[in-house]
1. Could we say that B:ILE261 is among the β-branched types (Val, Ile, Thr), within 10 Å of another protein chain (Cβ to nearest Cβ) and either over 21 Å from B:ILE227 (Cβ atoms) or surrounded by fewer than 14 Cβ atoms within 10 Å (Cβ to Cβ) (or both) here?
2. Just to be sure before I move on: is B:ILE237 buried (at least 21 other Cβ atoms within 10 Å of the Cβ) and either in contact (Cβ under 8 Å) with a residue 12 or more places away in the chain or more than 14 Å from chain A (Cβ to nearest Cβ) (or both) in the structure I sent?
3. Within the group A:ILE173, A:ILE182, A:ILE200, which residue is under 27 Å from A:ARG238 (Cβ atoms) and either of a type in the set (Lys, Arg) or buried (at least 19 other Cβ atoms within 10 Å of the Cβ) (or both)?
4. If B:GLU67 passes every condition in (1) more than 26 Å from B:GLU270 (Cα to Cα); (2) at pLDDT below 95; (3) of a type outside the set (A, V, I, L, M) but one, which one does it miss?
5. Return the only residue of A:ALA304, A:ALA265, A:ALA285 being modelled with pLDDT under 95 and either more than 23 Å from A:HIS142 (Cβ to Cβ) or of a type in the set (D, E, K, R) (or both).
6. Which condition number in (1) in contact with a helix residue (DSSP H, G or I) (Cβ under 8 Å, 6 or more places away or on another chain); (2) part of a loop (DSSP other than H, G, I, E, B); (3) open to solvent by 10 Å² or more (accessible area, probe 1.4 Å); (4) not small (Gly, Ala, Ser) is the one that B:PRO156 fails?
7. Looking at segment A:216-225, is at least one residue under 18 Å from A:LEU127 (Cα atoms) and out of contact with any Gly (no Cβ under 8 Å at 6 or more places or on another chain)?
8. Just one of A:ALA287, A:ALA282, A:ALA297, A:ALA265 is among the small types (Gly, Ala, Ser) and more than 22 Å from A:ASN84 (Cβ to Cβ); which is it?
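The values are calculated or read from the model by the stated rules, or taken from the named source; none is laboratory data. None of the values given here were measured: they were computed from a predicted structure. Positions of Cβ are backbone-derived with ideal geometry, glycine not excepted, and every protein chain shown enters the neighbour counts. Protein only, heavy atoms only, side chains kept; ligands, DNA and RNA dropped before computing areas. Shrake-Rupley method; radii C 1.70, N 1.55, O 1.52, S 1.80 Å.
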Number of protein chains: 2
Amino acid sequence: MKEQLRYGIVGSGALGGYYGAKLARSGADVHFLMRGDLDAVRRHGLTIRSKDGDFHLPQVNACGSAEEMGPCDVVLIALKTTSNAVLPTLIPPLLAPDTALLTLQNGLGNEELLARHFGARRVMGGLCFVCLNRTAPGVVEHYGHGTLSIGEFKGPPQDRTMRVVTDFQRAGIDAKAVQSLITERWRKLVWNIPFNGLGIAAAANVAQVLNDPHLQAAARLLMAEVIESAAKLGYAIRPEFIDYQIERSWPMGEYRSSSQIDYEAGREVEVESIWGEPLRQARSAGAKTPRLEFLHALLSHLAAIRKAP
Amino acid sequence: MKEQLRYGIVGSGALGGYYGAKLARSGADVHFLMRGDLDAVRRHGLTIRSKDGDFHLPQVNACGSAEEMGPCDVVLIALKTTSNAVLPTLIPPLLAPDTALLTLQNGLGNEELLARHFGARRVMGGLCFVCLNRTAPGVVEHYGHGTLSIGEFKGPPQDRTMRVVTDFQRAGIDAKAVQSLITERWRKLVWNIPFNGLGIAAAANVAQVLNDPHLQAAARLLMAEVIESAAKLGYAIRPEFIDYQIERSWPMGEYRSSSQIDYEAGREVEVESIWGEPLRQARSAGAKTPRLEFLHALLSHLAAIRKAP
């Protein structure tokens, strides 16, 4: 790879805007693919309002099409997974022979989709633990956290993994490489499946789930189903992880997951990547997941009727 | 028992008002215990608006207290189960040595509550299949159905069972005696647990449950859990009953269960009698009911936060 990596950001909402702006501020070569916010960002740049300090980039490389952006070394994919159907036609103009595709999206199935269309060799993934909101065109609020765990879709970290991690670290992001990306995805789902799910189906924030004995029991049983599913698929997570997840959730208080916020705001919910694909993989491995299956049925219906005009 | 039975109606909302008015119109000796609607009914009587023909009773026996009503031969209990805590103090003034207590309430646990306080010997139950709404003080709309299945809490029908059935039949109600009341309650729950539950947790009417493959599968799996629970408790329901319940639901179209209507109108939902008590009994019998347990956790939280001011 070259001295400096050329980054392309696909999906420049809150997530792509935040990480892209941090990279660009640190001197990285970053190009943003935008649609709705293009004019505003071309005129006013990108603004990040953060508890770690606000900053403004008056000029960024904002492109209106993948052709205009052209080949990149690393494509950061930060689209909502509900828009994944555009990727097969959106990505090709961004590809050089060694281009890496790094999906920062939620849940399962995103790496697989990219691998199917563009070859597993190109695919990397990142798990974001960050609270963001795009409050206006080109304006992102950062409420907290920001760690990023980056790994290869297949196999342990490579040189390119470490180069990307280093670029993020230079940009002030708490980034690290992970040995098994998909294990980490399942570990994240141990929390997201119950808490994001009960946030919608029971209209319960984190404190409400924890304080209601029936809901906390339901959350723990969902976690056990996720851990059993991961185990059957070959990703080992220790059962003590359930207690750990419950304990680490108490300080979150009345935190609402991004899915609950999206749902309550009438926006699309990533039902398939967070619940549907894990359920399909669990089934294919012969895991018993009655609660996950039931929750997925509720959420897919609730999301479908909420989306309707 | 005497020539003519003296009926007392406890809880004169839609259910008590409808069945009581039908009985009174047919010449039965009926006394209504009322609180909120007392003045209106004393002044204007009871009005039933029904597809079977409207009728108006300008004068009914409306009492403001159990003491004023005094001992009855048959007490029809038509309170919402969420008010069951008042029964132990409300009932005693209505009791003569042979008074029968006939609960028309939803779900499980109502006969047991009465038996605990007043002796199992007194207790009868009725299953109502009727669509009603109290639209104003003393005014009940009857949208359809109206059959009533009456049985003894313990054992097969007795003479008194047949006398009450006959009185209801004389009043134009499609009433019959059932051999095993509690089996019938479980059979009714095979429908109510999934359809009333998904009506709230998935905001889905009957047609939406049937048309969404995930929700219909969830409904069928819930039905199977209810049937397995009933079987473990000694109440046999054949597995073909699931297909039958699905088939008979198609003509209902966009019907919303009473629980869904109550929930969406911000009224109390009978969570414990329809889901909580069946779940407790299923557990005590060692039945596996992961979906019912999960659904109950969602509903009890949703109902609790909806009730909050």
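1. no
2. Spelling it out, it is not the case that B:ILE237 is buried (at least 21 other Cβ atoms within 10 Å of the Cβ) and either in contact (Cβ under 8 Å) with a residue 12 or more places away in the chain or more than 14 Å from chain A (Cβ to nearest Cβ) (or both).
3. A:ILE182
4. Exception for B:GLU67: condition (2).
5. Just a single option satisfies the conditions, and that option is A:ALA304.
6. Result: B:PRO156 fails condition (1) only.
7. no
8. From the options A:ALA287, A:ALA282, A:ALA297, A:ALA265, the qualifying one is A:ALA287.
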